[in-house]
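The values are calculated or read from the model by the stated rules, or taken from the named source; none is laboratory data. Here the structure is a predicted model, which is why all the values come from computation and not from measurement. Here Cβ is always computed from backbone atoms with ideal geometry, including for glycine, and neighbour counts include all displayed protein chains.
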Amino acid sequence: MPQPAKPRSAGTQPVWDRDAALAAVAGDENLALQLLADLVSKLPLDLEALRESHRTGALEALADRAHKIRGGASYCGVSALIEALTALDRAAKQGDADAAAAALAQTEHEILRLTEFNGQR
């Protein structure tokens, strides 16, 4: 009998998956790098907006912003960030402030990882 897939723990996914990023843009490495740089440049303001929405209890705005960021990130090969944003979007849409807080903490962690990675490239 096949074993169920084990969930990945936080931080086990790469910060940036070059192959996935290239696949999203038909192999155009310059475009992949530009999209990544654009995403990373917007993340500080996005993170502040996420924090503010959570702080004020504006869960609908929190879900909307998480969804927007995730859309832009989907072309960048950043699956760990996308996973965190998906959890944040879901928790906020369900009105679960506690789960949203946990997902926001994971999103912050992934943004930090990505920002540090991008600064080292």
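Taken over region 48-67, the criterion of being part of a helix (DSSP H, G or I), surrounded by 13 or more Cβ atoms within 10 Å (Cβ to Cβ) and either of a type outside the set (Asp, Glu) or at pLDDT below 95 (or both) is satisfied by ALA49, LEU50, ARG51, SER53, HIS54, LEU59, ALA61, LEU62, ALA63, ARG65, ALA66, HIS67.
Of all residues in region 21-73, exactly one satisfies the criterion of being under 22 Å from LEU112 (Cβ atoms), β-branched (Val, Ile, Thr) and touching a residue at least 40 places away in the same chain (Cβ under 8 Å), namely VAL40.
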